Amino acid sequence: MTKPDIDNSETSESADDFSLTISADYFFNTHTAGRNLTQKGKEATLQILEASRLVLIEKGYNNLTLREVARAAGMRLGNLQYYYPTREDLMKDLLRIIFSTYDQRYDMIAVAQSLDPKCRLQEMIRFLMINIRERSINRLFFELWAVSRHDHFAAELLAELYAKYCQRFEAVIAEISPRMPEAIRKKRAVLIAFLVEGIMIHLNINSAYVTDDVDDECISEAMRLASWP
């Protein structure tokens, strides 16, 4: 597969410390089953999405045009439009494959027979705390949040995916504290999810602050929120 052609000269650090290939199989099995993509089609799709991710991180949403992505992916615009006729189509799959990274990990934790609900929640938080330390993850989500402030389509899609993200926490809270009222469970799931998001924001302000001790405190707070009464 051709590596996306992104010029990193404008940034002091490479954003390419994360790859969509880790969730590719999950994404294709979950979101593209009805498209009947060949292996070549899957490779082209992944190449386009990886190029889109890097363009978004390095150049911002305003430069995430089909033409720019085609250039970064090293393919003709017409070939790219065969898979993604519009930028909205492209953004939809880009967000889906990004969130597939988390869904895949959560599914692996969920089926771990040796883990009780409390341990599963702890593993989910630990995974997220490691994940947010990746530079490209930080850049990517900050860009997505900024996009959602100005683009209605992106805002709705991001809200949908974040809702599913919070539902993952809600489900494990229900196992930990089955007597917790549903309304409170929903609120606490959101609090846990955005506790991690808040730490990611602080990581950009003072990375030295986010240590293993902070990870432990985050897990302790998540466990408190998951407990009832």
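The values are calculated or read from the model by the stated rules, or taken from the named source; none is laboratory data. The model shown is predicted, which means the values in this text are computed figures rather than measured ones. Using ideal geometry, Cβ is built from the backbone for each residue, glycine included, and neighbour counts are taken over all protein chains shown. The accessibility values were calculated without ligands, DNA or RNA, using every heavy atom of the protein model including side chains. Shrake-Rupley method; radii C 1.70, N 1.55, O 1.52, S 1.80 Å.
Helix 212-225 sits at what angle to the longest principal axis of the chain, using alpha carbons and giving 0 to 90 degrees rounded to 10? Here the helix axis deviates by roughly 60 degrees. For region 165-229, the list of trypsin sites (Lys or Arg not before Pro) that fall in a loop by DSSP and count at most 15 other C-beta atoms within 10 angstrom reads R179. Normalised per residue, the accessible area of the chain is 52 Å², obtained with a 1.4 Å probe and no contribution from ligands, DNA or RNA. Extension gain for the segment A171 to K186, taken as residue separation times 0.36 nm less the Cα-Cα distance, is 4.5 nm to one decimal. Rounded if a/c is under 1.5, else prolate if a/b beats b/c, else oblate: with a ≥ b ≥ c from the C-alpha gyration tensor eigenvalues square-rooted, which is region 101-187? Judged from the Cα gyration tensor, region 101-187 comes out oblate (a/c at least 1.5, b/c at or above a/b). Extension gain, E221 to A163, is 18.8 nm, computed as 0.36 nm per intervening residue step minus the present C-alpha separation. Length available on full extension from L77 to D116: 0.36 nm per residue minus the Cα-Cα distance, which gives 9.1 nm.
Over the residues of the chain, the helix contribution to mean residue ellipticity at 222 nm works out to -23000 deg cm²/dmol, using -39500 (n - 2.57) for each DSSP H run of at least 4.
Efficiency by 1/(1 + (r/R0)^6): what FRET value for Q39 and F142, r their Cβ-Cβ distance, R0 = 25 Å, to the nearest 0.05? After rounding, the FRET efficiency stands at 0.15.
Computed in the context of the full set of protein chains, the accessible area of region 14-157 at 1.4 Å probe radius has 48% of its extent on carbon or sulfur. Angle, helix 182-205 long axis vs. longest principal axis of the chain, Cα atoms, 0 to 90°, nearest 10? Taking Cα atoms only, the helix is inclined about 60 degrees. For region 63-192, averaging the sequence separation of C-alpha pairs within contact (under 8 Å, six or more residues apart) and dividing by the residue count gives a relative contact order of 20 percent.
Pick out which of I205, I98, I132 has the largest mean-square fluctuation in a Gaussian network model of the chain, springs linking Cα atoms closer than 10 Å. Of the options given, I205 has the highest mean-square fluctuation. Per residue, the average separation of C-alpha pairs within less than 8 Å and at least 6 apart gives the chain a relative contact order of 20 percent.
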